[in-house]
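Undergrad: I have a structure I would like to understand better, so I am pasting it below and will then ask my questions one at a time.
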Amino acid sequence: MNGLRPLSPGVRQFTRFVVVGCINVAVSFAGFMLFYRVFPLATLVLTALGSAGMEVAASVVRLGVRSIDAAVANTLGAAAGMVNSFLLNKYWTFEAAGLTRLQVRRFVILNILVIGGSSVVVFVCMDLLGAPYLPSWIVATGLAMIANFVGNKYWTFAGASKLQATPRASADGRA
């Protein structure tokens, strides 16, 4: 025997969540960089819209906003990590079998709220205040990871697991 004890279920779950989180940070950051530095979708769409897009861009500038590229890039990058995050967390981190439709619904609701919140942080820091993108993105992503762990552990997958563990009554009233 090597003297190592197996990890407790809670520690194993948290460790797996951290691994999945690191993978998702990489996926989200790659998406963010793609849509912020390489393919600034907001600017490209506004440019493609011609005069209507130029009017929208001018209105944004009149409001004191330098651009909306960072917020759009953050939203798309975070969304890119959602599918990966759901699958790895459902089947590997939380091992939450069954009730996939309920879990997907809860996961999407949670992630929309978290992505919205992190995009607001990025928008305020970068687009309004002109802060550097890397520290702004790191702060927004750190807050998002905390919110996601708590939400997934105690609502998305835990709630569904409790519902799954409850025996359903058959048509004649027996479990």
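Undergrad: Condition test on residue 70, is it small (Gly, Ala, Ser), in a helix (DSSP H, G or I), under 22 Å from residue 29 (Cα atoms) and modelled with pLDDT under 90?
TA: Values: small (Gly, Ala, Ser): yes; in a helix (DSSP H, G or I): yes; under 22 Å from residue 29 (Cα atoms): yes; modelled with pLDDT under 90: no.
Against the criterion (small (Gly, Ala, Ser), in a helix (DSSP H, G or I), under 22 Å from residue 29 (Cα atoms) and modelled with pLDDT under 90), residue 70 does not qualify.
Undergrad: All but one of (1) farther than 30 Å from residue 88 by Cα; (2) of a type outside the set (Val, Ile, Thr); (3) at pLDDT below 90 hold for residue 48; state the number of the condition that does not hold.
TA: Here residue 48 meets the rest and fails (3).
Undergrad: Right, another one. Specify the residue that is nearest to the chain's Cα centre (by Cα); the eligible residues are those in the stretch 6-24 that are closer than 28 Å to residue 115 by Cβ and polar (S, T, N, Q).
TA: Here the answer is 24.
Undergrad: Would you call residue 89 touching a residue at least 60 places away in the same chain (Cβ under 8 Å), surrounded by fewer than 20 Cβ atoms within 10 Å (Cβ to Cβ) and at negative phi?
TA: Working: touching a residue at least 60 places away in the same chain (Cβ under 8 Å): yes; surrounded by fewer than 20 Cβ atoms within 10 Å (Cβ to Cβ): no; at negative phi: yes.
It is false that residue 89 is touching a residue at least 60 places away in the same chain (Cβ under 8 Å), surrounded by fewer than 20 Cβ atoms within 10 Å (Cβ to Cβ) and at negative phi.
Undergrad: Something else now. Scan the stretch 91-105 residue by residue and report those that are in contact with a helix residue (DSSP H, G or I) (Cβ under 8 Å, 6 or more places away or on another chain) and at pLDDT below 90.
TA: Those that are in contact with a helix residue (DSSP H, G or I) (Cβ under 8 Å, 6 or more places away or on another chain) and at pLDDT below 90: 94, 96, 97, 98, 99, 100.
Undergrad: Determine, yes or no, whether residue 43 is of a type in the set (Ser, Thr, Tyr) and either surrounded by 13 or more Cβ atoms within 10 Å (Cβ to Cβ) or in contact with a His (Cβ under 6 Å, 6 or more places away or on another chain) (or both). Outline the logic, then answer.
TA: Details: of a type in the set (Ser, Thr, Tyr): yes; either surrounded by 13 or more Cβ atoms within 10 Å (Cβ to Cβ) or in contact with a His (Cβ under 6 Å, 6 or more places away or on another chain) (or both): yes.
Answer is yes for this residue.
Undergrad: Next question, about the same structure. When you go through 67, 28, 59 one by one, which is the residue that is among the polar types (S, T, N, Q), within 23 Å of residue 128 (Cβ to Cβ), buried (at least 16 other Cβ atoms within 10 Å of the Cβ) and more than 14 Å from the chain's Cα centre (by Cα)?
TA: Numbers: 28 fails: more than 14 Å from the chain's Cα centre (by Cα); 59 fails: buried (at least 16 other Cβ atoms within 10 Å of the Cβ).
Result of the check over 67, 28, 59: 67.
Undergrad: Within the stretch 1-17, work out how many residues are surrounded by 12 or more Cβ atoms within 10 Å (Cβ to Cβ) and outside any loop (DSSP other than H, G, I, E, B). Step through it out loud before you land on a result.
TA: Here is the first cut: in the stretch 1-17, the residues surrounded by 12 or more Cβ atoms within 10 Å (Cβ to Cβ) are 7, 12-17.
Next cut, outside any loop (DSSP other than H, G, I, E, B) only: 12-17.
Looking only at that region, the number is 6.
Undergrad: Pull up the stretch 107-138, narrow it to residues that are of a type outside the set (A, V, I, L, M) and outside any helix (DSSP H, G or I), then point me to the one that is farthest from the chain's Cα centre (by Cα). Can you show your working first?
TA: Here is the first cut: in the stretch 107-138, the ones of a type outside the set (A, V, I, L, M) are 107, 111, 116-119, 123, 125, 127, 130, 132-133, 135-137.
Checking which are outside any helix (DSSP H, G or I) leaves us with 130, 132.
Values: 130: 23, 132: 21 Å.
This residue is 130.
The values are calculated or read from the model by the stated rules, or taken from the named source; none is laboratory data. Not measured: the values here are computed from a predicted model. No Cβ is skipped: glycine too gets one built from the backbone with ideal geometry, and neighbour counts run over all protein chains shown.
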